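Participant: Here you go, one structure.
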Amino acid sequence: MKKHIERLRGMHDRLPEAFQRQRWVMDRLSEFLTRAGYAPVDPPVLERSELFQTSFGQELWQNLYTFRLHQRDLCMRPEFTASICRLYLDHYQQHPLPLRLQYAGPVFRYEAPGRSRYRQHNQLGVELFGGQTVSADAEILQLACEALNELHITSYRLELGHIGVASGFIHRLQLDDHAARLLLSLMEQISRSDEGESIAQARLEALYPTNQLSGSEMNSRSTGAIAEGETRFLASLLNSISITFGDDDARREVVERFLWKMERGEQRRRILYALEFLRALHAISGSPPEVFGALRELLGHYELDPRPLIELEQLVAVIEQSGVPDEQILLNLALGRGVSYYTGLVFEIHALDEDGFDAQLCGGGRYDGLMRAVGGTRDVNACGFAFGVERLLPLVPESDLPTMPITQAIVIPVNVQNVPYALQVARATRAAGLRAEVDVTGHGIGAGLKLAAKKEIRLAFIVGDNEQQANLVTLHDLLTGEERVLDTESLVRFVLDEEKSL
């Protein structure tokens, strides 16, 4: 017996009722975004892998569906933003800004499946290119909150951050590129929980341990990074104390090891300092307006640029005017997102699901440098957000969701010769607005009526030779047992009148 081929882990089948409800949510949000000036676009699911290299660094690359085909590296899209930037470069570079686009469709990430987390899921979101920074950020924040109101989802938490604070501090420390990128990518874990802090600490300890790394690991580092002046200085110092090394190569290796260990130790010290700062940022998270004072004090203590905080104060004022209560807003300047292209505002919207567990519904922010990173000749001001559609569905009030449309009638041909006429009757009734299906089992009236009863279809349109010759239909009501012979027009009118009276 041939083995049953199972559905892939982390994927899910969407059955009729769930599909209809999801489609309703997506259509409703798309219509709302269209009213706000966002035109729908549909980029391909498959892109060149390099498109996502800026979005997903080495740490997250293993979670993407990438493969090589015909000497090309390809990727199933893990998110939309980079694809929309590529679409902009292909089609809209001469278009006046601002430009507003919306999208919806599946994305793919090879992550551990969990609660409300699938390896294929649907995103719906917007990208806003151009515009003044604070004004555009305010628009997308307000739009995200209004979209939830459109679905009658009112209990949620809006978490606001600004990547400029942490990135400005980290870049000032002059860390190597890998350490700087890693710290920014670990911000998301640090902001989530104490366990996230422990994970971040462990990963950094692995890269920059207290005990220095082995000689083979040191040799993998480019020796060109060691300043020639430092090398000459240490070589002369060693000569002055009359230490013998055998030859120049041995002397150079000792010098390089010494300098490398000094630099490595300094990197470790700076990283731990950065971790301390990120913990302090996370500890001050809270609701406005009280939290702003503590954040201003922290930024002053570290002599950091206050402009990101000023931007957030302006944005909070806009959101409050839009009707979002203070207690639903949380400022968290340690907030990090799972992709690395953000340059300013970052935000997430969370809510409790039907079982009381926290679920992230939406995420977004500002990414002014991404357009150049994916091949553009200049930076373009840009911001946007995306909803996880599957996570929205359980929070929409049940009374708002559509019910499955029931089939109103089944057309039963008496024999095979009557099938063409049965199809003609079905076509005519559907054109008039009825939901009708044809019995294609070929077992006659009795079996057709049993099928209608099993499927809870109340009306049967019976067509045999007599009905076909007279261009009529025999209407059978399975609930009352009544029958009447009608022409197609009268049949439709009768059914619709019955529907109104129910």
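The values are calculated or read from the model by the stated rules, or taken from the named source; none is laboratory data. Everything numeric here is computed off the predicted structure, so don't read it as measured data. Virtual Cβ from ideal backbone geometry, glycine too; neighbours counted across all protein chains shown. The area values use the complete protein model at the heavy-atom level, side chains included, leaving out ligands, DNA and RNA. Shrake-Rupley method; radii C 1.70, N 1.55, O 1.52, S 1.80 Å.
Participant: Output the residues belonging to segment 114-143 that are among the aromatic types (Phe, Trp, Tyr) and open to solvent by 20 Å² or more (accessible area, probe 1.4 Å). Lay out the reasoning, then the answer.
Facilitator: Within segment 114-143, the first condition is being among the aromatic types (Phe, Trp, Tyr), and the residues that meet it are 118, 129.
The one that is among the aromatic types (Phe, Trp, Tyr) and open to solvent by 20 Å² or more (accessible area, probe 1.4 Å): Tyr118.
Participant: May I ask you to say which residue of Phe52, Phe19 is at negative phi and under 16 Å from the mean Cα position of the chain (by Cα)? Step through it out loud before you land on a result.
Facilitator: Numbers: Phe19 fails: under 16 Å from the mean Cα position of the chain (by Cα).
After applying the criteria, what remains is Phe52.
Participant: Applying the selection to segment 379-395, what residues are in a loop (DSSP other than H, G, I, E, B) and open to solvent by 50 Å² or more (accessible area, probe 1.4 Å)? Show your work before the answer.
Facilitator: So the first thing to find is which residues in segment 379-395 are in a loop (DSSP other than H, G, I, E, B), and the list is 379-381.
If the condition is that a residue be in a loop (DSSP other than H, G, I, E, B) and open to solvent by 50 Å² or more (accessible area, probe 1.4 Å), then Asp379, Asn381 are the ones that fit.
Participant: Another question, if that's okay. Restrict the check to segment 405-412 and report whether at least one residue is more than 49 Å from the chain's Cα centre (by Cα) and open to solvent by 80 Å² or more (accessible area, probe 1.4 Å). Walk me through it before giving the result.
Facilitator: Restricting attention to segment 405-412, the residues satisfying the condition of being more than 49 Å from the chain's Cα centre (by Cα) are none.
Checking segment 405-412: not a single residue is more than 49 Å from the chain's Cα centre (by Cα) and open to solvent by 80 Å² or more (accessible area, probe 1.4 Å).
Participant: Condition test on Ser322, is it polar (S, T, N, Q) and either open to solvent by 50 Å² or more (accessible area, probe 1.4 Å) or free of Cβ contacts under 8 Å to residues at least 12 places away in the same chain (or both)? Write out each step before concluding.
Facilitator: Details: polar (S, T, N, Q): yes; either open to solvent by 50 Å² or more (accessible area, probe 1.4 Å) or free of Cβ contacts under 8 Å to residues at least 12 places away in the same chain (or both): no.
No.
Participant: Could you say which residue among Glu188, Glu159, Glu146, Glu111 is open to solvent by 60 Å² or more (accessible area, probe 1.4 Å) and either within 21 Å of the chain's Cα centre (by Cα) or at pLDDT 95 or above (or both)? Talk me through it step by step, then tell me what you get.
Facilitator: Working: Glu188 fails: open to solvent by 60 Å² or more (accessible area, probe 1.4 Å); Glu159 fails: open to solvent by 60 Å² or more (accessible area, probe 1.4 Å); Glu111 fails: open to solvent by 60 Å² or more (accessible area, probe 1.4 Å).
Only one candidate passes the filter, namely Glu146.
Participant: So which residues in segment 325-375 are in contact with a strand residue (DSSP E or B) (Cβ under 9 Å, 6 or more places away or on another chain), open to solvent by 10 Å² or more (accessible area, probe 1.4 Å) and of a type in the set (Lys, Arg), if there are any at all?
Facilitator: Arg337, the sole residue that qualifies.
Participant: Sticking with this one: Residues Glu398, Glu456: which one is over 30 Å from Gly125 (Cβ atoms) and surrounded by fewer than 12 Cβ atoms within 10 Å (Cβ to Cβ)?
Facilitator: Glu456
Participant: Output the residues belonging to segment 356-378 that are under 15 Å from Leu87 (Cα atoms), without any contact (Cβ under 8 Å) to a residue 60 or more places away in the chain and either among the hydrophobic types (A, V, I, L, M, F, W, C) or in a loop (DSSP other than H, G, I, E, B) (or both). Don't jump to the end; show me each part of the working.
Facilitator: Within segment 356-378, the first condition is being under 15 Å from Leu87 (Cα atoms), and the residues that meet it are 370-377.
Okay, now just the ones that are also without any contact (Cβ under 8 Å) to a residue 60 or more places away in the chain, so 372, 377.
Once the filter is applied, which keeps residues that are under 15 Å from Leu87 (Cα atoms), without any contact (Cβ under 8 Å) to a residue 60 or more places away in the chain and either among the hydrophobic types (A, V, I, L, M, F, W, C) or in a loop (DSSP other than H, G, I, E, B) (or both), segment 356-378 yields only Thr377.
Participant: Residue by residue through segment 416-448, note down the ones that are touching a helix residue (DSSP H, G or I) at 6+ places or on another chain (Cβ under 7 Å), on the phi < 0 side of the Ramachandran plot and assigned to a loop (DSSP other than H, G, I, E, B).
Facilitator: Ala432, Leu434, Asp439, Thr441
Participant: Identify, please: which residue in segment 74-90 is open to solvent by less than 10 Å² (accessible area, probe 1.4 Å) and of a type in the set (A, V, I, L, M) and is, among those, farthest from Ala104 (Cα to Cα)?
Facilitator: Among residues in segment 74-90 that are open to solvent by less than 10 Å² (accessible area, probe 1.4 Å) and of a type in the set (A, V, I, L, M), the one farthest from Ala104 (Cα to Cα) is Ala82.
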